[in-house]
Amino acid sequence: MSKAYGFIEITGVVAAIDALDVMCKAAEVSLATWERKLGGRLVTLVVEGEVAAVKTAVQAAVESGHIRKPVAYGVLAAPHEEIQKIVAISASRFKGKGEAPSDAKLLGQDPPDFNIKEQMKDKP
């Protein structure tokens, strides 16, 4: 079995849930993780499975668009181990499997020295 990841980025949590439902019904894939950005306005879903299944699932979500069409999508066949680490870090938070290492960067996380309130405090 060749592992693959399918990525869908879509506007809105409800549209994301709909897209995930379509993907899981279209092929033998499972949700690896998900990320919300901009207060949930953008949602990234990551599904995993065999390459053919992931391609079928992503294409089904792109074509169906019951609520919204994805704004971006892609499939990574045999993802590099660094990509697998990123997905595992995200999944550890999503699935409640404990905390990610303190030095690990989480998807969408600002650098540790970045503080928008501090940055804006000196602006007029």
Cα extents of segment 3-94 along the principal axes, largest first, in whole Å, come to 33, 29, 17
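Can you give the extra length, in nm with one decimal, that the chain gains between residue 36 and residue 80 once fully stretched, where that is 0.36 nm per residue apart less the Cα-Cα distance?
13.5 nm
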Average Cα contact separation per residue, segment 3-94, under 8 Å, 6 or more apart, as relative contact order %: 41 percent
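All of the numbers you see were taken from the coordinates with simple rules; none came from a lab. Just so we're clear, the structure is a prediction, and the values are computed from it rather than from any experiment.
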